[in-house]
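J.: Following this message is one structure expressed as structure tokens.
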Amino acid sequence: MITKLRCKTFWVCLILATSHTQLGAHHANSAYDRSVDITVSGTVTKWQFINPHAGLWLAVTNGNGEPQEWSVEFQGTLDLYRHYKFNKDTFSSGDEITLIGHPARNGGPTLSARIVIFSDGREVNVRNAPD
């Protein structure tokens, strides 16, 4: 006969084992080349202040003079708000910004944001919490 203590211990161990696996898999960061920084400038077309990661889309003119849409991944909204006061109104369609970050390993127009440079020259390093 299984005791209540053994049953509770089993469920606690199962929950801890599976939640660690899920968190580790989610934060692998393998999609971006963290050894390289690139700079992308353009016009904001969309800003989504949602979890698990905030996202931004940018209309960019590439090196050949052709229009290209870039997607930019930020960390979660709680960190963005708590450390930098970012919110759903931080970016609007039409805003001109520059981003520095890590490019996608597959070469696609995707970036993991590290620094945001606003049109007024203000720079925010979103990967270096101020506190």
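Each reported figure results from applying straightforward, stated rules to the coordinates on display, with no laboratory input. Quick caveat, the model's predicted, so the values are computed rather than measured. Here Cβ is always computed from backbone atoms with ideal geometry, including for glycine, and neighbour counts include all displayed protein chains.
J.: Starting from 0 in steps of 5 Å, tell me what percent of the Cα-Cα pairs of region 38-125 lands in each bin.
T.: 3, 15, 26, 30, 18, 6, 2, 0
J.: For the ranges 92-98, 59-65, 74-80, what's the packing order if you count other beta-carbon atoms within 10 Å of each residue, average per peptide, and put the highest first?
T.: Answer by packing, highest mean first, reads 74-80, 92-98, 59-65.
J.: If you don't mind, there's one more thing I want to ask. For region 101-117, take each phi angle, set θ = phi - 60°, evaluate the Karplus expression 6.51 cos²θ - 1.76 cosθ + 1.60, and give the result in whole Hz per residue in order, putting x for glycine and proline.
T.: Whole-Hz 3J(HN,Hα) from phi for region 101-117: x, 8, x, 5, 5, 7, x, x, x, 9, 9, 9, 5, 10, 10, 10, 10.
J.: Now for a separate question. Show me, for region 77-89, the HN-Hα J-couplings you get by feeding each phi into the Karplus relation (A = 6.51, B = -1.76, C = 1.60, θ = phi - 60°), rounded to Hz, glycine and proline as x.
T.: So the J values, rounded to whole Hz, are 5, 4, 5, 4, 6, 4, 8, 10, 6, 5, 8, 5, 9.
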